[in-house]
Amino acid sequence: MIPGFFPIAKGGAEVFTLNLCKSLLKQGHRVIIVTRNLKLPSEAKIKGIYVKRFANILPYKIKYYGFGRFLRSKYIRMLVAGFDLIAVVPVLWNLHKKNKFHLIHASFIFPFGLAGLIFKNIFKLPLVITVHGPADFYEVPRFFNPILRFVLRRANAVAVVGEQLKKDLLKRLGYLPIKVVLNGIPIKPFELTERELQIENYSIYSRDFVILTAGRLVRRKNLDLLIRSIPKIQKKIAHSKLVILGSGIERKNLEKLIKDLQLESSIILPGWVSEEEKRKIFKRADIFLQLSYFEGLSLALLESKAAGLPAVVLKASGSLTAVSHRRTGLFVRPPLTTEKIVDCIEQLYKNVDLRRVLGENAQKEAKRKYSLERMTQEYIQIYEEVLKYK
């Protein structure tokens with residue numbers, strides 16, 4: 001169960017769910033994804049996975065702004081989540097009658113962790129919850145703490161995607177039985193993609209130094225500061241380009257800022273692109289930046305590691321789980337400023353050997369720690385453990 005899913009929602013939690021479910025299907029398991037509807041058919045098949053969408057009765061505009069990339073307010077998100085809880089119960093009931101589930105796996109503590117808890121008690125179904133970080137914890141108002149604590153303490157298993165997220169959960173909610181299951185991604189597609197020196201549809205040429213960032217276009221990503229850094233970067237690196245992959249509520253503001261600074265030829269915002277196109281851009285980039293104040297464990301960051309890119313991350317977020325300073329990337333220490341961003345980028349531009357070594361180390365670490373196969377096996381072990389005590 002997950003609040004949003006493809007084709008509407010395309011963030012990290014959605015990619016995690018799609019990747020995990022595809023991997024489970026390959027191993028012979030049956031999977032059904034239950035998610036909120038937003039002007040789409042109530043049933044669909046995506047990558048061979050059956051998706052059931054339930055109808056939330058709130059007006060379309062409120063639901064629209066409850067999705068991650070359109071999010072206007074965390075309070076709107078929680079309002080929509082409350083109505084999700086009401087709407088999903090009869091859908092789950094009917095699905096269970098037809099399919100006889102063995103267990104429920106919920107992404108997000110509220111509402112689906114709570115919905116899963118209801119079904120756990122009624123049908124004696126084991127409940128596994130994955131906490132991703134931003135949308136289901138960091139951005140949840142603190143007065144919801146008792147609900148979060150209640151749900152997590154009663155699940156059969158709770159997985160969190162990174163060590164820093166575990167620490168933050170325990171600090172805010174007290175003791176919880178938590179297991180860290182690091183996010184995983186398909187590694188080979190990023191290794192096998194040919195590196196193209198030119199991507200003409202983005203006006204990227206062989207001489208260009210390409211800086212890449214990817215994810216939802218929201219304020220916590222500090223993309224405005226990154227954009228304001230570009231004029232200073234261009235004084236030091238003449239042929240530099242910034243690619244910002246993704247979409248979100250901040251897109252219009254960022255486009256206006258780019259226009260005001262007359263940076264239209266230097267900054268590329270392709271929005272969401274196909275997997276093939278995304279891999280092409282990752283392979284062409286020279287460095288990857290992630291400047292969020294908080295993350296769970298970004299899949300885009302893991303993809304950059306698989307593509308052999310050194311990363312620059314803010315030393316204040318879950319990104320620290322996947323980056324080691326001067327081993328696989330560089331830390332920017334808060335408070336974040338354009339000068340600090342420029343300094344890190346300039347270091348990596350000037351020191352080609354450092355950039356190469358950091359990229360090679362990142363790619364080796366991606367293979368060792370962040371494969372989808374490893375993540376899937378860890379979840380299967382959790383499923384087997386909770387089913388023993390059903």
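The values are calculated or read from the model by the stated rules, or taken from the named source; none is laboratory data. None of the values given here were measured: they were computed from a predicted structure. Glycine gets a Cβ as well: all are built from the backbone with ideal geometry, and neighbour counts include every protein chain shown. Side chains are part of the model used for accessible areas, which takes the heavy atoms of the whole protein and leaves out ligands, DNA and RNA. Shrake-Rupley method; radii C 1.70, N 1.55, O 1.52, S 1.80 Å.
If the condition is being part of a helix (DSSP H, G or I), touching a helix residue (DSSP H, G or I) at 6+ places or on another chain (Cβ under 8 Å) and open to solvent by less than 80 Å² (accessible area, probe 1.4 Å), then the range 355-379 contributes R355, L358, A362, Q363, E365, A366, L372, M375, T376, Y379. Would you be able to say whether some residue in the range 178-198 is at pLDDT below 95 and closer than 23 Å to F67 by Cβ? No, the conditions are met nowhere in the range 178-198. Just to be sure I understand the filter: pairs with C-beta atoms under 9 Å, separated by 6 or more residues or on different chains, first member in the range 352-381 and touching a residue at least 40 places away in the same chain (Cβ under 8 Å), second member open to solvent by 80 Å² or more (accessible area, probe 1.4 Å) and in a helix (DSSP H, G or I). Which pairs pass? Partner pairs satisfying both residue conditions: R355/Y349; R374/R368; T376/K26. Checking each residue in the range 267-319 for being in contact with a Leu (Cβ under 6 Å, 6 or more places away or on another chain) and β-branched (V, I, T) picks out I267, I287, V312.
I need a count of the residues in the range 200-246 that are in a helix (DSSP H, G or I), touching a helix residue (DSSP H, G or I) at 6+ places or on another chain (Cβ under 7 Å) and either open to solvent by 50 Å² or more (accessible area, probe 1.4 Å) or among the β-branched types (V, I, T) (or both). Of the residues in that region, 6 qualify.
If I ask for residues that are assigned to a loop (DSSP other than H, G, I, E, B), out of contact with any helix residue (DSSP H, G or I) (no Cβ under 7 Å at 6 or more places or on another chain) and open to solvent by less than 60 Å² (accessible area, probe 1.4 Å), which ones from the range 152-176 would you list?
Across the range 152-176, the qualifying residue is only V161.
Applying a threshold of 6 Å to beta carbon distances and a minimum spacing of six or more residues, or different chains, the list of pairs starting in the range 163-177 at a residue that is modelled with pLDDT of 95 or more and ending at one that is part of a loop (DSSP other than H, G, I, E, B) and surrounded by fewer than 14 Cβ atoms within 10 Å (Cβ to Cβ) is empty. Yes or no: the range 72-79 includes at least one residue that is modelled with pLDDT of 90 or more, more than 20 Å from S42 (Cα to Cα) and not aromatic (F, W, Y). Checked against the condition, which is being modelled with pLDDT of 90 or more, more than 20 Å from S42 (Cα to Cα) and not aromatic (F, W, Y), the range 72-79 yields at least one hit. Of the residues making up the range 334-351, those that are touching a helix residue (DSSP H, G or I) at 6+ places or on another chain (Cβ under 7 Å) and either at pLDDT below 95 or open to solvent by less than 20 Å² (accessible area, probe 1.4 Å) (or both) number 6.
Could you please let me know if K390 is at pLDDT below 95 and either within 21 Å of the chain's Cα centre (by Cα) or outside any helix (DSSP H, G or I) (or both)?
yes
Among residues that are farther than 23 Å from H102 by Cβ, modelled with pLDDT under 95 and open to solvent by 10 Å² or more (accessible area, probe 1.4 Å), G4 is not included. When Q262 is tested against (1) modelled with pLDDT of 95 or more; (2) open to solvent by less than 10 Å² (accessible area, probe 1.4 Å), exactly one condition is not met: (2).
Within the range 313-321, can one find any residue that is open to solvent by 20 Å² or more (accessible area, probe 1.4 Å), modelled with pLDDT of 95 or more, out of contact with any Phe, Trp or Tyr (no Cβ under 6 Å at 6 or more places or on another chain) and among the hydroxyl-bearing types (S, T, Y)? Among the residues of the range 313-321, not one is open to solvent by 20 Å² or more (accessible area, probe 1.4 Å), modelled with pLDDT of 95 or more, out of contact with any Phe, Trp or Tyr (no Cβ under 6 Å at 6 or more places or on another chain) and among the hydroxyl-bearing types (S, T, Y), which makes the answer no.
Of all residues in the range 125-151, those that are among the small types (G, A, S) and open to solvent by 10 Å² or more (accessible area, probe 1.4 Å) total 1.
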